[in-house]
Structure formats: C-alpha cells, structure tokens
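Q: A single structure is presented below for examination.
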Amino acid sequence: MRAFRYVLSGAALIVLAACKDTLLVDNQNQADRNRALGTFTDLEAFLGSGYATAHNAVLAGSNDDLQTQMLVMGLENISGLANFAMGPRGAVPRVQIDNQPNGTGDAGNLRDFTFGHRAERIASLSLAKLKTLSSGSPTQDGRDRAFCYFVRGVALGNLSLTYDSASILTENDDPQASIPLSGYQVVNQAALRDLDSAIAITNANKAGFPLPSTWINGNALDAPSFVQFIRSYKARLRASVARSPTERAAVDWTQVIADATNGITADFIVSMNPSAGWDVIWPAQAFATGSASWHQMSQFMLGFADTSGQFDAWLTLARSARAPFVVATPDKRLPQGTSRTAQIGDTLRPGFKDFYVSGTINPGRPYVRNRPTGEDAPQDPFAFSMYDFNRTRNFALKSPARTGPYPIMTATELRLLAAEGYLWQGNFAAAIPLINVTRADTLRGGLPALPLTIADTNTAVPGGNACVPRVPDAAQSFKKTKCGNIWDALKWEYHIETMYTGYGMWYFAARGWGDLPEGTAINWPVPNEEMLTRVQAFYGLGGVGGQGASGKGNYGLFSGGAY
C-alpha cells in the first residue's frame, strides 16, 4: 500500500545486546507517531492540516491530477495539448484509461488517490490519538473530533467520486495493516456516515467552536455554519457518486434536497495563498494563449446558447469542415453582440469584478469572453471555439498569482441540486423557482423565467426562436436544434453557473445524466502503483465499447451523432 500506508510510521527501537544487559535506544531520526503527537498542541496542528490535505488532493498542488483530466472529459475545458493527459483524455472518440506503468496520465491517476488517502489517514490517526490525549476541555475535544470526521468524510467522498474503489481506514484499524479495497458505493456510504458523525458531534459540542481560522483558511466557522458546510458536502457527494442515469435516478433525492436546502446560503470562500499551502492550481496555466493554450470553452456546449442559427448550421457540417462561430445569445452571462468585434468589446463591462469579490454590482459577467483574435489555438474542429472562461482572469494573472478569496463550493450548486431532486420527484412547482434564481436574474442570465405552469418534460422553455437553451434534436439526427425542456434548462444553469467552481463539476453531473461522450471512462481504476504493491493485476477502464465506459451520450455525443 505504498500510496497511503505510512503518514507517520510506528516507533522503531534499536536493540543492542551487551553481555546480559539490553539497551533500548530511540532512533531520533525515524518518524515516531507517539513522539510527534506527544502533546495536544502537536495533535491539533496535525489534525488541523487535514482539510488542507483533502483540498490539495482535488484542487491544489499540481495540474498533473484528475481535475485537469475531468475538465476535458466533461467538456468543461478544451485543450489538445498532451500536458497532463488533456489531449488524450479529451479526444473523441474516447480511448481507454489503460493504467499501465508510465502510461498516459499515470502521475495524475496516482496523485488524487495518494493525497485523498493521506487526508483520510490524518483524520483516522488523530481520532485514535484523541482517545488518550485531551485538551482538558470536553467541548474542544469534541470540536476536534468533529473536524476529523469531517475531513475523513470529505476525503473518502472525493475518492468515491473518482475511483472505482478505495481503502477505508478508521481510528480502530491498525494503521500499518493492509486495508482492503472497497467499491465506490461502499466508500461513499462510509463518507456519508463520517459526515453524519461530524454533524452529531458538532451539535453536542457547540461551546467548543469556532474552528481555528487556519483549518479552513480564513473561515473560523461557528457550529451552525460548520454544520451547513458539512450538509453541503453531503448533498454534493450523495448526488455526484452516480455513474449512470440509472444510478442518478436511484439517489436518495429526498435527503439531497434536505441537505442542500440546509446547506450553505452563500458561496463558500477560502482565502488562497499558494505559499501557505492553499491554492487552486488550474488557473496557473489556464490563460496561456496561442500555441501554449491550455484552455478554451467547448464550441458544442456554448452552442446551446446560440439563437442566431449558426449552431444549427455548424451541426449539419462534417466534423472536419466545422469552424468556430460567434454565439449570439440573449444570455447576459455570455458576451453580447452578433460579431466577434462586438463581443470582444463586451468582455469588460462596467462594474466587472472577479466573481469571488463580494458586494460588487456585477457577479463576474460576462462569465465567458470572446478572446482577442491573435490568441486562438486551433483544436479539433468539433471543439474549437473563440471563447475562454473569464471570471478568474484577475485571480490568475495578478501578482502574486492565485492569492485571495476563491469559491470552492457555491450556493448555486446546492440550489440546483435541490431543483434536480424535485424534478426527479416530479415536483415541478418546487424546482422551477430554484432554476429561475439565476436564469431570470437581471444580474445573471436575464432570460425569460420558466413559467410555474410547466408540469412536464415536453414543454419547451420560453423565448420562441430566441429560447435558451437550444439542444441538438434526436428526431433530426442531432443535426438541428430545438428549444430545450425544463431538464435542459436545469442543466444549462448548472453548467454555466458551476464551471470551474469545484472538483469535476461538469464531469460528475454529465456522468449521472448520461451526457458524456460515448466511451468516456466513468471512473478511474486503482493506480497501477497501488495494484503492484497489492500484487494484483492492472486493468483499464473506458473507451468506446469498453468496460467502465459511458454509453452513447445524450445530445448526440457519439460517432454519427453530433460528431
């Protein structure tokens, strides 16, 4: 278990014999868990690093990770570069994640697994130590235990979203033993149990709060706020673990609704400072341009907002003949105008600020920019567009880079998860107002509100020929579009509002909705480094017709459909 067996090793004793006497000498150069956690101050410093480690596992530290791969697999990002497996993972038709030593994306496949289990181990070792070491305050001890269960729940939960299996270590296990692998659904259930434990312990020890502000950088959460954050994670993890529409439909949506409704009510902001170990790494290279381009928005996905007819014309062309087009749309979150010149001029609107700056007139509109013409980087014609994500440019390019407030979870994500739950339950009247919050808001989408009279999935969204979203029509072999329905409206809001605000946002949702391109791997295999340690066979997942691969994607995302 090289990937996560040792965070702190056990004590080592050198035994020296002289005549009948035995001399035991501590090796001060070898890690000793008991010595390193010998005081409560040491223990709190250790356990307090747990969430930073869990965050590092998914959004920080390195772009050679699963997040960079998921961005292209879920069509949230487009790049043909070989860097960090972006080109291979984003290529269509999809190919298998082969999981061979030194294979494509090997380092990234391992990284999230290693750091996720490291955070889990920090929490478990700390919980074990808290049985024998006390601050002297029962409520402070309770706060620390709650935080450990929270960290372990988040770490296990994220592992359950990405890998087909992972290892569940508890405070009652031997930390040097080989812990068996469990399937992703079992891991997800363990994560939710840990989060429930964190809530129960928090509620029983409110006087021990707030959390130290360094544990979730810049957030000295009191007990109620901490419970809100935990419940938000529960909603995200319970919904996002589904690998298929069948599994997504089987989610306990009543519980998702309850947790999302009682979750965060404003975007959860962390104060990022890479030199202090708090970072969102993707923007480090996201705005490189020209031949070095790491990023552009998918022409296909943005086409859903087009009301000019150019998306329809683009769909009718052979893939090799397609070229970028101007997305003319009434959605105010995209640049306005019918020409590239006009849209470039709309990139910086009066009052524009990065979306993480609170109290501004404009919540980061436009969310997407039409980039200057000299910065284009041609890609596969199916993907090539003239658009970039815009809301984090200042965060990425200012000096020092990537410092300051950044959201790792948004209130909109939780609100739309609740809306989705209501749609699964057929409660359109409850879902529609939640979708309209961002869709019809004059400072966001500015689109016609969905009428409360919608009570089925056949009724088209309002707007007539200028409706948003317009979706590829199966009845026309996905070569023309039609006005979307309420589900399409929900998905459009989810896509445009959550892009780049969390871990695998588009990938996890599209996987559960059946919207991934055909053959996309629905999870990662256990890294070959771990399988080698366990003396188990390597295996691959994904690829058209392969094991662990998505079926033909909705909206025609398969050969002979939209591409």
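The values are calculated or read from the model by the stated rules, or taken from the named source; none is laboratory data. Values in this document were obtained by computation on a predicted structure and should not be read as measured data. In this analysis, Cβ positions are derived from the backbone assuming ideal geometry, glycine residues included, and neighbour counts consider all displayed protein chains. SASA here: full protein model, heavy atoms, side chains in, ligands and nucleic acids out. Shrake-Rupley method; radii C 1.70, N 1.55, O 1.52, S 1.80 Å.
Q: Count charges around LEU211 for me, please; just the other residues with Cβ under 15 Å from its Cβ, Lys/Arg as +1, Asp/Glu as -1. It would help to have the intermediate numbers written out before the result.
A: Values: positive: ARG143, ARG145, LYS206; negative: GLU44, ASP141, ASP144, ASP222.
Surrounding charge for LEU211 is -1.
Q: Rounded to the nearest 10 degrees, what's the angle between the helix 223-240 long axis and the longest principal axis of the chain, both from Cα atoms, 0 to 90?
A: 60
Q: I've got another one for you. Suppose a student asked you for the relative contact order of the chain, using Cα pairs under 8 Å spaced at least 6 residues apart; what percent would you report? Write out the running numbers ahead of the final one.
A: On the way: 1156 pairs, mean separation 98.8, N = 563.
It rounds to 18 percent for the chain.
Q: Set the Förster radius R0 to 60 Å, insert the Cβ-Cβ distance between ALA455 and SER178 as r into 1/(1 + (r/R0)^6), and round the FRET efficiency to 0.05. Present the calculation step by step, with values, prior to reporting the outcome.
A: Working: r = 54 Å, r/R0 = 0.91.
That pair, ALA455 with SER178, gives E of 0.65.
Q: Can you tell me the orientation of helix 486-498 relative to the chain, as the angle in degrees between its alpha-carbon axis and the longest Cα principal axis, to the nearest 10?
A: The angle comes out at about 60 degrees.
Q: Per the helix-only calculation at 222 nm, which mean residue ellipticity applies to the chain, given -39500 (n - 2.57) for every DSSP H run of n ≥ 4 and division by its residues, nearest 500 deg cm²/dmol? Walk me through the numbers on the way to the answer.
A: Working: 21 runs with 216 residues, N = 563.
Helix-only estimate at 222 nm: -11500 deg cm²/dmol.
Q: Please determine, in degrees from 0 to 90 and to the nearest 10, the orientation of helix 138-162 with respect to the longest principal axis defined by the Cα atoms of the chain, where the helix direction is its Cα long axis.
A: With both axes taken from Cα atoms, the answer is about 50 degrees.
Q: Also, I was wondering about something else. If I take every Cα pair under 8 Å that is 6 or more residues apart in region 208-338, average their sequence separation and divide by the length, what percent do I get for the relative contact order?
A: 15
Q: Go through (i) 3, 15, 21, 19, 16, 11, 7, 4, 2, 1, 0; (ii) 4, 17, 28, 26, 15, 6, 2, 1, 0, 0; (iii) 3, 15, 25, 26, 18, 9, 2, 0, 0 and flag the label whose value is the computed P(r) over Cα pairs in 10 Å bins from 0, in percent for this structure.
A: Calculated P(r) over Cα pairs in 10 Å bins from 0, in percent: the matching label is (ii).
Q: Based on the Cβ-Cβ distance of ARG534 and THR41, what FRET efficiency does E = 1/(1 + (r/R0)^6) give at R0 = 30 Å, to the nearest 0.05? Provide the component values of the computation, followed by the final result.
A: Details: r = 37 Å, r/R0 = 1.23.
E between ARG534 and THR41, to the nearest 0.05, is 0.20.
Q: Given a 1.4 angstrom probe, I'd like the percentage of the accessible area of the chain that is carbon and sulfur, rounded to a whole number.
A: Values: 10860 of 20290 Å².
Its accessible area is 54 percent carbon and sulfur atoms.
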